[in-house]
Amino acid sequence: MTVKVKIDLHREFIVAADIDTVFSLLSNVPASAAYFPKVHKLTPLSDNAFRWVMEKVALGIYSIETSYACQYISDTDAKTIVWVPIEGEGNATVSGKWTLTKFAAGTKVLFETQAELILPVSGLLQLAISPLVKIEFTGLVDTYLNNLQDLWA
């Protein structure tokens, strides 16, 4: 039996770096991924498509390894980077978008992501596991965003 955990995150922040510097890093998936915690392996699949395999995370007595793949589409003029899931890859689907806007002496950054993780646990454990998975996922994303903010401070 499996349990699906859905996560929807929206974050907004301002950094001192100019918009082209921010866009350059975020549109380069391997370079940007270097700031994301607990990435076990990032594998290129094709032009701007990557498989992410995260380090195993212990949640109580369970150990979960999340993997997924996304296609990334960068729009230099609009200063957006969109990622869409590649179906049939891994145990999660992840999509999202970076939206960058010039702001005073820096860049306003909007981060949005939606994820659905499919976990091989019984439905009875859903009430216990789902909040832990959401906390772990949110913590990883927030650490990633903090790492980027520190870089562009």
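Read the figures in this text as sums done on the coordinates, not as results from a lab. Owing to the predicted nature of the structure, the values given are computational and were not obtained by experimental measurement. Heads up, the Cβs are rebuilt from the backbone with ideal geometry, glycines too, and the neighbour counts pull from every protein chain shown.
If I compute Rg and Dmax of the Cα atoms in Å from the structure I just sent, which labelled value in [x] 16.0, 52; [y] 20.3, 67; [z] 15.0, 48 lines up?
Derived directly from the coordinates: [x].
Identify which of PRO44, PRO131, PRO30 has the largest mean-square fluctuation in a Gaussian network model of the chain, with springs joining Cα atoms closer than 10 Å.
Largest GNM mean-square fluctuation: PRO131.
Which aspartates and glutamates have a Cα lying under 17 Å from the Cα of LYS97, excluding residues fewer than 8 positions away in the same chain?
Of all the aspartates and glutamates, those that pass the test against LYS97 - Cα under 17 Å, at least 8 places apart if same chain - are ASP8, GLU12, ASP20, ASP75, ASP77, GLU112, GLU116, ASP142.
Can you give the extra length, in nm with one decimal, that the chain gains between ILE135 and LYS38 once fully stretched, where that is 0.36 nm per residue apart less the Cα-Cα distance?
Gain on stretching ILE135 to LYS38: 33.5 nm.
For segment 3-151, what relative contact order do you get, as a whole percent, if you take Cα pairs closer than 8 Å and at least 6 residues apart?
Normalised by residue count, the contact order of segment 3-151 is 30 percent.
For the pairs LYS6/LYS102; LYS6/LYS41; LYS4/LYS108; LYS38/LYS102; LYS4/LYS79, flag any whose C-alpha to C-alpha distance is greater than 29 Å. Provide the component values of the computation, followed by the final result.
Details: LYS6/LYS102 32 Å; LYS6/LYS41 23 Å; LYS4/LYS108 33 Å; LYS38/LYS102 31 Å; LYS4/LYS79 32 Å.
From LYS6/LYS102; LYS6/LYS41; LYS4/LYS108; LYS38/LYS102; LYS4/LYS79, over 29 Å: LYS6/LYS102; LYS4/LYS108; LYS38/LYS102; LYS4/LYS79.
Count neighbours as other Cβ atoms within 10 Å of each site's Cβ, and list the chymotrypsin sites (Phe, Trp or Tyr not before Pro) in segment 71-122 that are DSSP loop with at most 13 such neighbours. Numbers along the way, then the final one.
Values: sites: TYR72, TRP83, TRP98, PHE103, PHE111; in loops: none.
Qualifying residues, ordered by number: none.
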